[in-house]
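One structure below.
The values are calculated or read from the model by the stated rules, or taken from the named source; none is laboratory data. Treat the numbers as computed from the prediction; the structure is a model and nothing was measured. Using ideal geometry, Cβ is built from the backbone for each residue, glycine included, and neighbour counts are taken over all protein chains shown. For the accessible areas, the whole protein counts, side chains as well, though only heavy atoms, and no ligand, DNA or RNA atoms are used. Shrake-Rupley method; radii C 1.70, N 1.55, O 1.52, S 1.80 Å.
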Amino acid sequence: MTVADLADRIEPKTTRQNVNTKLKRDNLSEHDLHEIAKACNATFEGIFTLNDTGKQI
């Protein structure tokens, strides 16, 4: 999928330039990640896993 395709699928619509800038700067909010996942027919699950116990929180 191209950046242009992704920008077209994200709601509310955003520009290719905005998506490209966020990706290059690695400046994605949790909301952005959920929208990208939705555009890719996926689910974003932001979790922390404790290294010493493996417990997910």
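So residue 5 clears everything in (1) without any contact (Cβ under 8 Å) to a residue 24 or more places away in the chain; (2) in a loop (DSSP other than H, G, I, E, B); (3) among the acidic types (Asp, Glu) except one condition, right? Which one?
Every condition holds for residue 5 apart from (2).
Give the residues of the range 39-57 that are out of contact with any Asp or Glu (no Cβ under 8 Å at 6 or more places or on another chain), open to solvent by less than 60 Å² (accessible area, probe 1.4 Å) and farther than 22 Å from residue 5 by Cβ, sorted by residue number.
Hit for the range 39-57 is 54, nothing else.
Can you tell me how many residues in the range 39-57 are under 24 Å from residue 13 (Cβ atoms) and touching a strand residue (DSSP E or B) at 6+ places or on another chain (Cβ under 7 Å)?
0
Is it true that some residue in the range 20-38 is basic (Lys, Arg), in contact (Cβ under 8 Å) with a residue 24 or more places away in the chain and either open to solvent by less than 100 Å² (accessible area, probe 1.4 Å) or assigned to a helix (DSSP H, G or I) (or both)? So that I can check it myself, show each step before the final result.
Of the range 20-38, the ones basic (Lys, Arg) are 22, 24-25, 38.
Cutting the leftovers down to in contact (Cβ under 8 Å) with a residue 24 or more places away in the chain gives us 38.
Retained after the next criterion (residues that are either open to solvent by less than 100 Å² (accessible area, probe 1.4 Å) or assigned to a helix (DSSP H, G or I) (or both)): 38.
Checking the range 20-38: at least one residue is basic (Lys, Arg), in contact (Cβ under 8 Å) with a residue 24 or more places away in the chain and either open to solvent by less than 100 Å² (accessible area, probe 1.4 Å) or assigned to a helix (DSSP H, G or I) (or both).
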